[in-house]
């Protein structure tokens with residue numbers, strides 16, 4: 001009996017020691033994951049702050065509607081965004097409240113962030129869910145209007161904005177191209193993705209202060225360049241609680257290493273041609289590509305690339321939608337990022353908070369399927385009564 005008692009005593013000691021260690025290890029792991037996320041955001045913020053104009057008070061000023069918005073290329077088709085589900089309201093135009101604002105995010109002309117905000121004049125909710133919408137390269141916030149109206153009709157506060165050197169922030173039809181080349185030449189700005197991400201951080205600060213918006217229910221989405229803006233803004237700022245980037249998520253480092261950079265580079269060809277000439281090269285090659293990314297968006301092809309930035313969005317709901325044949329966002333570059341993101345979500349989020357879809361037969365274009373899927377995603381996690389999680 002004594003031997004049996006000793007054996008049981010040893011068993012219970014071992015059991016509690018084992019589970020205690022396991023619980024302790026899990027707690028440590030959770031702390032390490034949190035510290036890793038915080039370290040990522042700290043490093044990213046440090047880079048964003050490294051090329052900033054002086055800070056200014058966060059003030060939103062009223063402005064006027066834009067009558068003739070600037071498109072720096074052919075006007076893209078709006079067929080897909082016009083298919084976005086909306087409430088059947090006969091007099092929707094009259095029911096909508098429209099705000100045209102300029103939000104000051106830093107000193108200088110590019111520090112005036114133009115906003116187009118649509119919402120229903122009457123609502124059953126005192127504080128409503130909000131979604132930020134980002135346009136693609138060479139477009140503007142006015143092009144987003146059908147998308148904004150559809151979400152506003154369904155009770156959201158819908159926010160469109162002009163990215164750096166686009167729309168009201170463009171003084172010519174070559175403003176974005178010129179801004180990119182200037183960044184390559186002097187290294188003083190980061191017009192490709194990062195400067196607009198800074199604006200989105202400031203925008204989140206503004207939106208969480210508004211009395212008509214629920215600060216815990218703010219989503220973000222975008223198309224192409226706008227998808228990249230949405231992805232990186234969510235990675236650095238947890239106030240964006242639900243995320244759905246469209247045809248934007250890619251692997252910059254993978255593309256360089258696997259000679260798949262041409263699709264993305266060709267979308268910004270004048271920039272890379274200028275760099276090629278400056279580097280004395282006969283043609284654009286991987287060395288040119290890497291140097292350009294390091295110059296105009298430091299860390300984009302290394303520490304802030306998708307394998308490292310996607311996992312830190314967890315546990316907030318994230319739905320990535322791409323085209324399966326997209327040369328700008330080749331699927332091979334997403335294998336590792338998606339695996340790491342999936343692991344992060346399995347550790348930190350309830351089932352169903354992370355989703356990826358590559359639409360068959362689709363290249364670099366947004367489709368009605370993507371618009372509908374992302375619309376359902378926001379309804380699932382931002383509508384009243386549905387819960388979201390944040391870290």
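Checking (1) -0.43, -1.07; (2) -0.57, -1.09; (3) -0.38, -1.11 against log10 I(q)/I(0) by the Debye sum over Cα atoms at q = 0.08, 0.13 Å⁻¹ calculated from these atoms, the matching label is (1).
Of the residues 306, 53, the one with the fewest other Cβ atoms within 10 Å heads the list, and the complete ranking is 53, 306. When 374, 83, 183 are arranged by Cβ crowding within 10 Å, least crowded first, meaning fewest neighbours, the order is 83, 183, 374. Sorting 224, 302 from the fewest to the most surrounding beta carbons within 10 angstrom yields 302, 224.
Put the Cα centre of segment 344-384 next to the Cα centre of segment 119-180 and the gap is 20 Å.
Using only the alpha-carbon atoms, how far is helix 335-348 inclined from the longest principal axis of the chain? Give it as 0 to 90 degrees, nearest 10. So the inclination is approximately 60 degrees. Helix 269-278 and the longest principal axis of the C-alpha atoms of the chain enclose an angle of approximately 90°.
Taking the 0 to 90 degree range and rounding to the nearest ten, how far is the long axis of helix 286-296 tilted relative to the main principal axis of the chain, both from C-alpha atoms? Roughly 80 degrees, rounded to the nearest 10. For the pair residue 77 and residue 346, the difference between a 0.36 nm per residue extended length and the Cα-Cα distance amounts to 93.1 nm.
Every read-out reported here was derived from the displayed coordinates using simple, explicitly stated rules and does not represent laboratory data. Being a predicted model, the structure only gives us computed values, none of them experimental. In this analysis, Cβ positions are derived from the backbone assuming ideal geometry, glycine residues included, and neighbour counts consider all displayed protein chains.
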